[in-house]
Amino acid sequence: MTSHEAQDAGPDLTRGVTLGDFAGRAMLRGHVGGEAVLLARVGEAVLAVGATCTHYGGPLEHGALEDETVRCPLHHACFSLRTGEALGAPAFDPIACWKVEREGDRFFVRERVAQARRPVHAAAADQPARIVIIGGGAAGFAAAEMLRRRGWQGQLTMLSADADAPCDRPNLSKDYLAGNAPEEWIPLRGDDFYPENRIDLRLSTRVSRIDTAARTVVTEDGSSHAYDRLLVATGAEPVRLPLPGADLPHVFTLRSLADSRAIIARAAGAKSAVVLGSGFIGLEAAAALTARGLEVHVVSLDARPLERVLGTALADFVRKVHEDQGEIFHMGTSIASIDAGSVALDNGGQIAADLVVIGVGVKPRLALAEAAGLAVDRGIVVNGYLEASRPGIFAAGDVACWPHGAEGGTARVEHWVVAERQGQVAAENMLGARKPYRDVPFFWSAHHEVTIRYVGHAPAWNEIRIDGDIAARDCMVSYVKGGKTLAVATIGRDAQALEQAQLLAIEVAHTGKDSP
């Protein structure tokens, strides 16, 4: 941020402000030299931190205070106001901390404060010497980063089937695929991060089995990796349909950076594309390909896109957003076959297609867990601390099925932020923290110029309440069952999404039960 931009973002804090300058608000954005600084009132104290989220640059003054933390309004990353630490993904880098000096009724900010690293959890009686992580996605990366952040010095091995280092997967179907984000933005960390932090990251490495008796992980090349703690974060894989022509070179699924690169390369010489599936990945890919100038057709067996998640009204709105950009929907049908230049629909229709994306969902990778004898039920069954059914083994991300809600309910969701936060909690628990996972699920989805934020978990509901105007892109849609709000989707109401997340978190804390 330049000095001019900082000056436009509130008062010069080196000259001091009073409580009156807060104008009744809990937070005030100002600047120190060329840097934006956030002042926050916490009880009788005034604390100062960097004002910009380190994930995607969200303005923290529009976020929400929770005790001594602040949450970003964009993607709900959480930071400590005392230390600046990024306590909750999707941010990993801390924000700066600043010293606040009080002189009379004025508060001055002039200099930064050094940030200390939190030690390994003191309650751990026996620290593991060796930890192995299976998976190089959101949960695996977040766990590895947190282990080193907490100062754990043991042997850390990360086995990833992907050819690329952990990357920002949500972007693969959004700005990166649309051509609006350069590839250097996509890795979660640079190549030097892993050797500098003594993380033995092994790419293109497939695990063949987990030997729970010997506490080793064996890879397909025959190498064996001993562990004291193991995190299974194998994620999910795209559903592949047995369609005639699905193996042709212009037919893709979208999960990895390699997938997104391949679609981009094909799109460069294509005029038309067909996307099979009207879920989040399918629609985001359709929007991205439309942004690249292709004629895009969306084919789906569903009556409405996203109806099973968002309900009828919001589903119809999302469809119109896409149709207004020229996308053509073929609902209530599917692809019967694919050839070199077109797809045949099962209703007899034919669509020209230089490029086909199959986006009909994903399924958790459970084969390793099942073969190892771990308890599995729609996912790897874990307790409230993300421990699996065998000693020393934890699970996180798309494969984990964890206690959620009252009356013994469970949940398994495929959200990026959930996977990252579970990885962080699992890491601390592998070090002995005994920290229950009680986070409120959150995700965001981009549809051309419209972003939907979704908080909570509502696999089923019997009532939908709409506050505001969906067509005006100013609304909160609540999903209610038995009079209880399970989740909300918002457009243009970031602050309200945060408020609902706080309310749902209180409910989760009230109904949650720690596992023994």
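Some notes on this structure:
- Some residue of the stretch 141-149 being among the charged types (D, E, K, R) and free of Cβ contacts under 8 Å to residues at least 12 places away in the same chain: no
- Matching residues in the stretch 186-226 - criterion: being over 27 Å from the mean Cα position of the chain (by Cα), in a loop (DSSP other than H, G, I, E, B) and within 16 Å of ALA369 (Cβ to Cβ): THR212, ALA213, ARG215
- Count of the stretch 367-387 residues which are in contact (Cβ under 8 Å) with a residue 40 or more places away in the chain and either buried (at least 20 other Cβ atoms within 10 Å of the Cβ) or under 19 Å from ALA213 (Cα atoms) (or both): 11
- Members of the stretch 334-363 that are open to solvent by less than 40 Å² (accessible area, probe 1.4 Å), within 30 Å of VAL413 (Cα to Cα) and assigned to a strand (DSSP E or B): ILE335, LEU355, VAL356, VAL357, ILE358
- Among residues of the stretch 388-423, those that are open to solvent by 10 Å² or more (accessible area, probe 1.4 Å), assigned to a helix (DSSP H, G or I) and not hydrophobic (A, V, I, L, M, F, W, C), counted: 2
- Qualifying residue in the stretch 236-252 (condition: within 30 Å of ALA433 (Cβ to Cβ), in contact with a helix residue (DSSP H, G or I) (Cβ under 8 Å, 6 or more places away or on another chain), assigned to a strand (DSSP E or B) and open to solvent by less than 50 Å² (accessible area, probe 1.4 Å)): yes
- Pair list, Cβ < 6 Å and 6+ apart or interchain, from the stretch 242-264 residues that are touching a residue at least 12 places away in the same chain (Cβ under 8 Å) to residues that are assigned to a loop (DSSP other than H, G, I, E, B) and open to solvent by 30 Å² or more (accessible area, probe 1.4 Å): GLY245/ASP339; SER256/ASP162; LEU257/ASP164; ALA258/ALA163
- Scanning the stretch 494-516 for residues that are open to solvent by 40 Å² or more (accessible area, probe 1.4 Å), of a type outside the set (Gly, Ala, Ser) and modelled with pLDDT of 90 or more yields ASP494, GLN496, GLU499, GLN502, LEU503.
- Selection status of ILE466, more than 20 Å from the chain's Cα centre (by Cα) and exposed (fewer than 15 other Cβ atoms within 10 Å of the Cβ): yes
- Criterion (under 21 Å from GLY341 (Cα atoms) and either open to solvent by less than 30 Å² (accessible area, probe 1.4 Å) or touching a residue at least 40 places away in the same chain (Cβ under 8 Å) (or both)) met by exactly one of THR205, THR290: THR290
- Selection within the stretch 457-506 - over 21 Å from VAL318 (Cα atoms) and of a type in the set (A, V, I, L, M): LEU486, ALA495, LEU498, ALA501, LEU503, LEU504, ALA505, ILE506
- Single match in ALA51, ALA26 (criterion: within 31 Å of the chain's Cα centre (by Cα) and over 27 Å from ARG438 (Cβ atoms)): ALA51
The values are calculated or read from the model by the stated rules, or taken from the named source; none is laboratory data. No experiment lies behind these values; they were computed from the predicted model shown. Here Cβ is always computed from backbone atoms with ideal geometry, including for glycine, and neighbour counts include all displayed protein chains. Calculation scope for accessible area: heavy atoms of the full protein, side chains included, ligands and nucleic acids excluded. Shrake-Rupley method; radii C 1.70, N 1.55, O 1.52, S 1.80 Å.
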